[in-house]
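The structure appears right after this line, and notes come after that.
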Amino acid sequence: MKLHAFQYFVTVAEELHFGRAAARLQITQPALSRQIHRLEAELGVTLLHRTKRMVELTEAGAAFLIEVRKGLQQLDSAIQLAQRIDRGEIGSLRIAFTASSMHTVLPEILRHFRDRHPDVKLAMNEICTLDQVNSLRKETIDIGFLHPPVEDSFLNLYPLQGEKLVLALPDSHALAEKKQLSLQSLATESFIVHPRHEGPVLYDQMLALCKDAGFAPNIVYEDSKYQTRLGLVAAGTGITFVPESLQKAGLSGISYCPLIGNFLQLQLAVAWRRRHISPVIEGFLDVVEKVTTEKSHHSKKIAKSITD
């Protein structure tokens, strides 16, 4: 029993005329009659009474028509659902992010993605870079906004714009009113930093810069979360380095100050697994590329207008 046989039956039942039904279906009337006879034979049921002057549904045919219409509508819904999923219009996406990404490009990306894919369910989770890599490996998240370099043999990385690190220190600190500070001026301070295992490259770069400035930093506390480190700064425990975008967080009791010279930069990237890329992930990555490309062009236009 083939699907088109049911569609042919519905058309004949609607028209109650084989000639008009055949014209709608764009097949010959004899071919349509053969299909209906074959359907009735396979069902073992007479669906239509036929005479030279009229066609009418039997009682069984009328009941069959109601259920066939339901089945065809459900099948059509199933086809549309499958097509929408294949286009990435429906589904779910698990996104992890670091604190600084939520203060830079991530909100704009999310806004554009929701505009394009309103029926995709987003699950958001703020976790550190190391945990993001582990979660991507275990396939408990789909997309990560993290800080490279990372062990990425199983990942694809799409670099986003990096940002400078600035010094965060208590409002009451003697250096809080300075517009710029040298690294040497921090030699006697207590440092609050991220653990080395969370970002070994950045950690080692920070130690190397301090060594070049003539001192080894007095590290009094380590924590991977910026909010914790900034809370300790506000409490007067020490000083820390944070991405410049976190100045927008509006935490009280903290002053921010840039460092003289080419200090550390924090790179941001989108990460996803190399294999098993779903249509939803592809759609999200398209939005990432679109947003970042537009921001890059906008920045270039601003730079050109300044120099002109």
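Observations on the model:
- Ser245, sole failed condition from (1) within 22 Å of Lys178 (Cα to Cα); (2) surrounded by 15 or more Cβ atoms within 10 Å (Cβ to Cβ); (3) out of contact with any Asp or Glu (no Cβ under 7 Å at 6 or more places or on another chain): (3)
- Qualifying residues in the stretch 35-56 (those that are surrounded by 14 or more Cβ atoms within 10 Å (Cβ to Cβ) and within 53 Å of the chain's Cα centre (by Cα)) - the one farthest from Thr11 (Cα to Cα): Leu43
- Evaluation of Asn156 against the conditions (1) in the same structural domain as Arg229 (by the TED database); (2) in contact (Cβ under 8 Å) with a residue 12 or more places away in the chain shows that the sole unmet condition is (1).
- The criterion of at least 2 residues that are open to solvent by 20 Å² or more (accessible area, probe 1.4 Å), within 18 Å of Asn262 (Cβ to Cβ) and hydrophobic (A, V, I, L, M, F, W, C) is met, among helices (runs of 4 or more DSSP H) falling completely within the stretch 126-234, by 200-212.
- Candidates are the residues of the stretch 78-106 that are polar (S, T, N, Q) and not in a helix (DSSP H, G or I); the one that is surrounded by the fewest Cβ atoms within 10 Å (Cβ to Cβ) is Ser92.
- Which numbered condition Arg114 misses (of (1) within 26 Å of Gln227 (Cα to Cα); (2) free of Cβ contacts under 8 Å to residues at least 24 places away in the same chain): (1)
- Every condition in (1) exposed (fewer than 15 other Cβ atoms within 10 Å of the Cβ); (2) in contact (Cβ under 8 Å) with a residue 12 or more places away in the chain; (3) not in a helix (DSSP H, G or I) holds for Leu75 except the one numbered (3).
- Meets criteria (in contact with a strand residue (DSSP E or B) (Cβ under 9 Å, 6 or more places away or on another chain), within 30 Å of Ile239 (Cα to Cα) and among the small types (Gly, Ala, Ser)) for Ser92: no
- Listed by first and then second residue, the pairs with beta-carbon distance under 6 Å, at least 6 apart or on different chains, first residue in the stretch 49-61 and closer than 12 Å to Ile36 by Cα, second of a type in the set (Phe, Trp, Tyr), form an empty list.
The values are calculated or read from the model by the stated rules, or taken from the named source; none is laboratory data. What you are looking at is a predicted structure, and each value in this text was computed from that prediction instead of being measured. A quick note on method: Cβ atoms are made from the backbone with ideal geometry, for glycine too, and the neighbour counts reach across all protein chains shown. Surface areas here come from the heavy atoms of the whole protein model, side chains and all, with no ligands, DNA or RNA. Shrake-Rupley method; radii C 1.70, N 1.55, O 1.52, S 1.80 Å.
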